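Visitor: Quick one: the structure is below, and I'll ask about it shortly.
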Ligand code: FES
């Protein structure tokens, strides 16, 4: 379990990239919850931080695949593989992410 960002770092609908245990993660904040997932698209590796977040749906900026940030599930082609997601807890004012 490692601290990623302060709890107050993101407003609703925002996301950021951070490095946790040597891995680059995307942290999203939507409707009062934080989500941690792989920062690059499972289709061709595009950084998703430049994509668009609409509710719980994240759109890749390169070929417009989309993912559910709650599960990592690929919702639209051309991505077929999900994004890995990681458990998040809030502790001492920080967002902590567990990478197993
Ligand atoms: S790299 Fe994301 S849809 Fe192609």
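Visitor: Of everything in segment 67-86 that's surrounded by fewer than 18 Cβ atoms within 10 Å (Cβ to Cβ) and free of Cβ contacts under 8 Å to residues at least 24 places away in the same chain, which residue is nearest to residue 32 (Cα to Cα)?
Guide: Here the residue is 71.
Visitor: Would you be able to say whether some residue in segment 63-71 is outside any loop (DSSP other than H, G, I, E, B), out of contact with any helix residue (DSSP H, G or I) (no Cβ under 8 Å at 6 or more places or on another chain) and more than 16 Å from the ligand (Cβ to nearest atom)?
Guide: Checked against the condition, which is being outside any loop (DSSP other than H, G, I, E, B), out of contact with any helix residue (DSSP H, G or I) (no Cβ under 8 Å at 6 or more places or on another chain) and more than 16 Å from the ligand (Cβ to nearest atom), segment 63-71 yields no hits at all.
Visitor: Provide a single number: the residues in segment 3-60 that are within 12 Å of the ligand (Cβ to nearest atom), within 10 Å of the chain's Cα centre (by Cα) and in a strand (DSSP E or B).
Guide: 3
No lab work stands behind these numbers, since they all come straight from the coordinates. Keep in mind the model is a prediction, meaning the values are calculated, not measured. Using ideal geometry, Cβ is built from the backbone for each residue, glycine included, and neighbour counts are taken over all protein chains shown.
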